[in-house]
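Single-structure report; data block below.
The values are calculated or read from the model by the stated rules, or taken from the named source; none is laboratory data. Quantities reported herein were computed from a predicted structural model and do not represent experimental measurements. FYI the Cβ positions are ideal-geometry reconstructions off the backbone, even for glycines, and counts take in every protein chain you see.
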Amino acid sequence: MVKNLTAAVLSAAVLINAVCAAQAEDLGNNSLGFDEKTKYIQTDIQEYTDNEVLVLYKDGSVEVKKYSSKAGLEEGISDLVNDESVDVVQPNYTYENTAYAVNDELYNKQWALENDGSFLVRETIAANVPEIGFMVPVVQKTEILNSVSGVDINIAPVWDIYNGGRQVIIALIDTGVNIEHEDLKGAFWINTDEIASNGIDDDNNGYTDDVYGYNFYNNNSDISPEKDENHGTHCAGTISAIRDNQTGIAGIASNANIKIMPLKALGGPKGEGTTASIIEAIKYAENNGAVICNLSLSTPENDAALYKTMAKSGMLFVVAAGNSETGEDNDIIPHYPASYDLENIISVANIRADGKLDPTSNYGALSVHIAAPGSQIVSTTADNSYGYMTGTSMAAPMVSAVCALLYSYYEDINLKDVKEIILSTATPMDSLSGKVSTGGMLNAGASFGYDISLLKHESFNIPPEALIEEEPTKFEFEIYESDGVQYLKVTAADINNDTLYLRYMDGKHEAKDFMYGRAGKAFTVNKNNECTFIVHTFGEYTFYALDRMGHETVANVTVFEKK
């Protein structure tokens, strides 16, 4: 099952260390039986098979002695106890290999984790792929091809040695997740400072009842997907479905130390969302401890606000390269956010079980970094069931999961180190040469065999243009009366003319109360950047603006009744 030599050697070393540590603890407690000369002697005759004894001498040599009877065995052990040159007397134990056997019922369908060449590749040919909007799995026409043994992420060596580490939270910004799915129980981050369903913002973070995340698509705490919104739950299963529960599939990073933070920012028939909802989700994720963010979404629009938000974030973003009818070169026709030239992004293409780039997958020798399995991927669905989906959306969670395992296991590395390891250990593939910058596909086993002494432990750089703070929106107010009616004229001028949202609320408020442009009453301005209100209720009002560079501006005005 182990395909990578470096990973295999590391796996063996760790296992041996674990065994030695266990024996050292037992020896210190004398729980296995010692004689007065501190020899390790197994005294239970029933433990010996075929009257065979393994003898370890103090000079390091080993001998197997075989006796003709139980009586001879007992006498032989007695003699060995008194032999000054003997260090250990024990049975000649039988070992089995440590290849990981997974008993989840659909594991044999998960070619991405272990591909023995028996999986039938159903070639995807895209139709009706939306030009605008976020990642929607492509419509498929079926053509049967042969899979190729070994075209998988080589996860077995990692499962052999990973036994926990530091806590890691993966933000999954998507269409929501069915957190009650039978194969996802216990996989999610919990906001322990919030009390569920009491209608109170207990932790005063601006979000009410956000126990398991938040819904920025509908502006509430219900992160559940609608009936046909399978996308987010499918991605979640790839990352964290329970392994070895005899049910469903095996998640790559199913472990108590790795949790998913479900953030619903997309929805509807096409799985679409807005800049504001995605940015707000990113900010929420980072403020609540997420370190890796899976973005299986794409748009052709070069979104300055999203760019700056991601550039300034300390998270590592794993981003789908995008789907197109015949697969587009992102170096020529960019798809965002995958095409942003940011150090904290890993852009992921989709490779099939036959080792070829999926015909619908976008690529780019400069802008797309690595490929991962994304075609005919079986995973969890919103209706508490399982299903197949295809797209770079399915490839990105593969990388997110392995990144989380690495970051959890090696507690002295940072997120830039994680990216370095992932890209440096990609398996070279002829089909990916000139298509992705590494020329290869994800190799989890090799990533755990990387020599971490080579890492520089540097932080992500923020591009200078992301640090430039252009002028935010400026508000001016004029209160006047005409024909006995009182008016408030509001001027909201943005020097860059890139205002996204204008909102207002009664009373005095802060920027966070506007939920990044999703709360409050909307208003528009004319070509002179003006909007005039008839004042029916006197008192204080708060006006809010959000521009494409991510600036939020609030301004307060009090309108008194003229006597």
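Quick notes
- Among residues of segment 455-482, those that are assigned to a loop (DSSP other than H, G, I, E, B), out of contact with any Lys or Arg (no Cβ under 7 Å at 6 or more places or on another chain) and modelled with pLDDT of 90 or more, counted: 6
- Residues in segment 226-241 that are more than 15 Å from F188 (Cα to Cα) and touching a helix residue (DSSP H, G or I) at 6+ places or on another chain (Cβ under 7 Å): H231 alone.
- Failed item in (1) buried (at least 24 other Cβ atoms within 10 Å of the Cβ); (2) in contact (Cβ under 8 Å) with a residue 60 or more places away in the chain, with N219 passing the rest: (1)
- Among the residues of segment 481-508, the ones that are aromatic (F, W, Y) and over 37 Å from the mean Cα position of the chain (by Cα) come to 1 in all.
Residues checked against (1) among the aromatic types (F, W, Y); (2) closer than 17 Å to S431 by Cα; (3) surrounded by fewer than 24 Cβ atoms within 10 Å (Cβ to Cβ); (4) not assigned by TED's automatic domain parsing to the domain that holds W111:
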| site | (1), (2), (3), (4) |
| --- | --- |
| P337 | no, no, no, no |
| L342 | no, no, yes, no |
| I351 | no, yes, no, no |
| P373 | no, yes, no, no |
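- For K562, the test of being part of a loop (DSSP other than H, G, I, E, B) and surrounded by fewer than 17 Cβ atoms within 10 Å (Cβ to Cβ) is passed.
- Every residue from segment 199-219 that is of a type in the set (S, T, N, Q) and either at pLDDT below 95 or in a loop (DSSP other than H, G, I, E, B) (or both): N204, N205, T208, N218, N219
- For segment 261-287, the candidate set comprises residues that are buried (at least 24 other Cβ atoms within 10 Å of the Cβ) and part of a loop (DSSP other than H, G, I, E, B); within that set, the residue that is modelled with the lowest pLDDT is G271.
- Test result for S431, among the hydroxyl-bearing types (S, T, Y) and modelled with pLDDT of 95 or more: yes
One line per residue, one yes/no per condition, for (1) outside the structural domain of G327 (by TED's automatic domain parsing); (2) under 19 Å from V368 (Cβ atoms); (3) without any contact (Cβ under 8 Å) to a residue 60 or more places away in the chain; (4) under 24 Å from the mean Cα position of the chain (by Cα):
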| position | (1), (2), (3), (4) |
| --- | --- |
| V418 | no, yes, no, yes |
| L423 | no, yes, no, yes |
| A426 | no, yes, yes, yes |
| S431 | no, yes, no, no |
| M441 | no, yes, no, yes |
| L455 | yes, no, yes, yes |
| P464 | yes, no, yes, no |
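- Filtering segment 298-321 to residues that are part of a loop (DSSP other than H, G, I, E, B) and over 17 Å from the mean Cα position of the chain (by Cα) leaves P300, E301, N302, D303.
- Condition check for A265: touching a residue at least 40 places away in the same chain (Cβ under 8 Å) and closer than 20 Å to P157 by Cα: no
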